[in-house]
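Trainee: One structure coming up, written as structure tokens, with questions to follow.
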Amino acid sequence: MPFTRRVREIADSATLVMSARAKAMRSSGIDVVNMSAGEPDFPTPPNVVEAAQAFLAEGQIKYTATPGIPELRSAAAARYAGMRSVPELRPENILVGCGGKHVIYTALQTICDDGDEVIFASPYWVSYPEMVKLAGGRPVVLPTRADQGFALDPEALRAAITPRSKAIIINTPSNPTGMRMDAASLEALAKIAVEHDLWILSDEIYDELCYAGEAYLSPISLGPEVRAHTLALNSFSKTYSMTGWRIGYAAGPVELIKAMSKVQAQSTSNACTLSQMAALEALTGNQSIVAERREAFAARRRRMVDGIRAIEGFSIAREPQGAFYVFPSTSDLYGSRLGEREINGSMDLSMALLEEAHVATVPGVAFGDDAHIRLSYAISDEQIDEGIKRIAAMVGRLER
Ligand code: PLP
């Protein structure tokens, strides 16, 4: 029996596919350097584990209110109020969901009617187009260029707007490029969005992983008018190394949060109660681990950028400033061969790196940009060095 058109039209998550393939190779005994992962290698902070264990021991793991336990909504509102200089934020402005991904999904289900257009730049996070399609919407992709720091031209946004445009998604720092949007661009994009009454979905999941540039700027800090159009999305996955807990949240106008809550009530009810308690400890406990891990990532970024730049055929036009990815251009290698294998795009290159060099990466085509591949430095220094060594050795064997 055929599955729905919705399901037939969406792609598998290439990042999860690559990661799964690398894991399968590993479990068959092959030593794979996994540069494809989108998660920190650090464990959940110990205070968070202890708080969760204590709560678990009480055995009171019940349903909670749909938008989240009041203490967690308060703590998330306080975090955003403090960090984004928006004292007006209240717990009612917060919805807690099952990870950042789920919160974005719920937002799109809430704002997108059939045929509505959602605009975002490429390279984009793999799930945006598929989530828009699942909501019945139409993704509108605006390409950006590496030599311009993957910056989205506000005029390109203006030109893409039609009567069906519903929202723009902004992701800074970006997965996969690691680039940050500067304040002037953010302000210009937000102004256009407000003029055309678009929602701004601001994916701020890597806000604590910025290594260069100005202080973090979110559209919700750009005054009441922009805030009234903005849903800021965040998660515990990257900041607190809590990917498996599946817990994230959104901060936005009360009416939107209430509408999203209606969707959530009919899908997951609430986010996992134990994970909400863990998240509460993450937000209210000692924060020193956040800066410690940021510093560790900053050093790894240096190592990775320098190592990749030394490989012929890989180039990084501008250094990534955040998240934990590098997105080098690899198109100089296309048209080359390795024995019977032809390298004619990012998928061929990633596959060759996995099968010949035993290094897992993600092909840029998954992010809407075939001229690049993504490498994650959320791994140890030794693994970074080993991965770079293997990539350089394989590239040295290519016949060009
Ligand atoms: N947004 C971006 C840009 C991401 O890279 C990710 C995860 O990789 C997410 C959202 C969702 O993360 P999670 O669902 O673990 O909170």
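The values are calculated or read from the model by the stated rules, or taken from the named source; none is laboratory data. None of the values given here were measured: they were computed from a predicted structure. Ideal geometry is used to build each Cβ from the backbone, glycine not excepted, and the neighbour counts take in all protein chains shown.
Trainee: If I ask for residues that are within 16 Å of MET351 (Cα to Cα) and away from the ligand (no atom under 16 Å from the Cβ), which ones from the stretch 23-60 would you list?
Mentor: Listed by number, the residues that qualify are LYS23, ALA24, MET25, ARG26, ILE30, ASP31, VAL32, VAL33.
Trainee: OK, next. Please count how many residues of the stretch 118-139 are among the aliphatic types (A, V, I, L, M), away from the ligand (no atom under 11 Å from the Cβ) and outside any helix (DSSP H, G or I).
Mentor: 4
Trainee: For GLY115, indicate whether it is away from the ligand (no atom under 16 Å from the Cβ) and under 27 Å from PRO328 (Cβ atoms).
Mentor: Considered against the rule, which asks whether it is away from the ligand (no atom under 16 Å from the Cβ) and under 27 Å from PRO328 (Cβ atoms), GLY115 comes out as no.
Trainee: Which members of the stretch 253-269 meet the condition of being in a loop (DSSP other than H, G, I, E, B) and within 16 Å of the ligand (Cβ to nearest atom)?
Mentor: SER267, THR268 - these are the residues of the stretch 253-269 that are in a loop (DSSP other than H, G, I, E, B) and within 16 Å of the ligand (Cβ to nearest atom).
Trainee: Only one residue in ARG90, ARG79 is over 30 Å from GLY368 (Cα atoms), within 16 Å of the ligand (Cβ to nearest atom) and over 19 Å from the mean Cα position of the chain (by Cα). Which one?
Mentor: Answer to the check: ARG79.
Trainee: Only one of GLU39, GLU92 is among the charged types (D, E, K, R), assigned to a helix (DSSP H, G or I) and surrounded by fewer than 19 Cβ atoms within 10 Å (Cβ to Cβ). Can you tell me which?
Mentor: Going through GLU39, GLU92 in turn, the sole match is GLU92.
Trainee: Quick one: in the stretch 11-36, which of the residues that are in contact (Cβ under 8 Å) with a residue 12 or more places away in the chain and exposed (fewer than 15 other Cβ atoms within 10 Å of the Cβ) is farthest from the chain's Cα centre (by Cα)?
Mentor: The qualifying residue farthest from the chain's Cα centre (by Cα) is ILE30.
Trainee: Separate question: Please determine whether any residue of the stretch 195-202 is more than 16 Å from the ligand (Cβ to nearest atom) and at pLDDT below 95.
Mentor: No, because not a single residue in the stretch 195-202 is more than 16 Å from the ligand (Cβ to nearest atom) and at pLDDT below 95.
Trainee: Provide a single number: the residues in the stretch 300-315 that are in contact (Cβ under 8 Å) with a residue 40 or more places away in the chain and touching a helix residue (DSSP H, G or I) at 6+ places or on another chain (Cβ under 9 Å).
Mentor: Of the residues in the stretch 300-315, 10 are in contact (Cβ under 8 Å) with a residue 40 or more places away in the chain and touching a helix residue (DSSP H, G or I) at 6+ places or on another chain (Cβ under 9 Å).
Trainee: I want to confirm something. Restricting to the stretch 140-179 and keeping residues that are among the aliphatic types (A, V, I, L, M) and in a helix (DSSP H, G or I), which single residue is modelled with the lowest pLDDT?
Mentor: In this case the residue turns out to be ALA146.
Trainee: Take the residues of the stretch 354-365 that are among the aliphatic types (A, V, I, L, M) and touching a Lys or Arg at 6+ places or on another chain (Cβ under 8 Å): which is surrounded by the most Cβ atoms within 10 Å (Cβ to Cβ)?
Mentor: VAL362
Trainee: Taking only the stretch 203-241 into account, find how many residues are crowded, with 22+ Cβ neighbours inside 10 Å and free of Cβ contacts under 8 Å to residues at least 24 places away in the same chain.
Mentor: 0
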